[in-house]
């Protein structure tokens, strides 16, 4: 039996999202037997398929209820519970990072961390991920009145059964202190501080060396967060389908031996304008594009210290060059020749003009650049996006966090799916990913890459991994300075 999927393909080719595909029912699909049957037989076949599908749903529901009932009998009640209600005035990476840091400490602290995202501006996490499972039974009245919960970090919090973690400065500082005392190696941090002081004396020092994206001293905390993210960052069926489509668009679904290198670069210039001090403290002498006026001509950018884009372009060249070296890359790509496709550079950014600037710097036409291949906005969503986020061309950034308040829930969910798809594909599948460790999303990308992806191959840590920070080393805390005593 074959299935005519042209109606679905037409919906997808016209820009439809997975929601528009899922709205089609089984009755709308044209089932055609390889051997023609009478019309009645075809109708009977449809009825049979629908009946089998309905039975499968019923059986699945029974299994789910039975599994939950057995889990409730198997696991006892939870001990200390830490509720983290996501707040909507900060970015996705920042909010998710607070939750992740608390979850990474759960085994050592003995608490159960429960995220509450029903009112989060980016959408409920259940829209994107499989709900987390707990090795205990949560009380039925858990979320009835969070105001009665003990605030984390306040006097007596250790003895409280129920805690709530907010973005209160003192609470986040206390969480950072727990991470530093339990998971940070002081000797490794002392050596990092010495390196950064030496880098600050070298005016030619621009970017973080390979092998320093995750510095020694934060290894334990980093790996704890990697393990926690493996449990939590599990895309649901719809989200995984969008991730698979993005991987196919950039060619990462093909066998490595038959495809070209794919490198992603995350450009977050707007973030770095407000975090200039961090760059100076780690010894970088990069001049910030976001702190200067918009260049009039992209093609005139030649001095590496006059604009970030040159530094990013050089980082792309180095990342791709490593892919041809067997000592640095298992299964290295063959060196480019006339018949080979050019390496693909995927630009992940919310900044206007970045792709054009990078392309202008490619004087020898070495690479193909592409922007936001993850986009699956419907025409209506695209119209709203242009209206809400591109309201003025004088903005240096394509959109601002506050603009999300003016977007519909439908558009916010679509943009969140797009961001999750990009982070997942580029961190876990791309041949190389250049990120900003000064950005919450950049540090999340390093964590998603895992031990080998961020640290490098066993015994070759000095060479670094697929995912590299261009500026600030990974830190497992809210603030970079928290890793120092």
- Message: Please go through (1) in a loop (DSSP other than H, G, I, E, B); (2) within 27 Å of residue 213 (Cα to Cα) for residue 189 and return the number of the only condition it doesn't satisfy.
- Response: (1)
- Message: Of the residues 413, 423, 371, only one is surrounded by fewer than 21 Cβ atoms within 10 Å (Cβ to Cβ) and within 20 Å of residue 251 (Cα to Cα); which?
- Response: 371
- Say we look at region 105-126 and pick out the residues that are more than 14 Å from residue 83 (Cα to Cα), crowded, with 17+ Cβ neighbours inside 10 Å and touching a residue at least 60 places away in the same chain (Cβ under 8 Å); which of these is farthest from the chain's Cα centre (by Cα)? 121
- Note on the structure: Screening 211, 156, 217 for residues that are at positive phi and surrounded by fewer than 17 Cβ atoms within 10 Å (Cβ to Cβ) leaves only 156
- Item | All positions within region 464-485 that are surrounded by fewer than 16 Cβ atoms within 10 Å (Cβ to Cβ) and either without any contact (Cβ under 8 Å) to a residue 40 or more places away in the chain or in a helix (DSSP H, G or I) (or both) | 481
- Hey, residue 89 at pLDDT below 95 and touching a strand residue (DSSP E or B) at 6+ places or on another chain (Cβ under 6 Å) or not: no
- Restricting region 160-184 to residues that are assigned to a loop (DSSP other than H, G, I, E, B) and under 25 Å from the mean Cα position of the chain (by Cα), the one surrounded by the fewest Cβ atoms within 10 Å (Cβ to Cβ) turns out to be 168
- For region 444-463, enumerate the residues that are more than 19 Å from residue 98 (Cα to Cα) and part of a helix (DSSP H, G or I). 451, 452, 453, 454, 455, 461, 462, 463
- Message: I'm checking my understanding of the structure. Among residues of region 429-443 that are in contact with a strand residue (DSSP E or B) (Cβ under 9 Å, 6 or more places away or on another chain) and not in a loop (DSSP other than H, G, I, E, B), which one is surrounded by the fewest Cβ atoms within 10 Å (Cβ to Cβ)?
- Response: 441
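The values are calculated or read from the model by the stated rules, or taken from the named source; none is laboratory data. Because the structure is predicted, anything quoted here is derived from the model rather than measured. Virtual Cβ from ideal backbone geometry, glycine too; neighbours counted across all protein chains shown.
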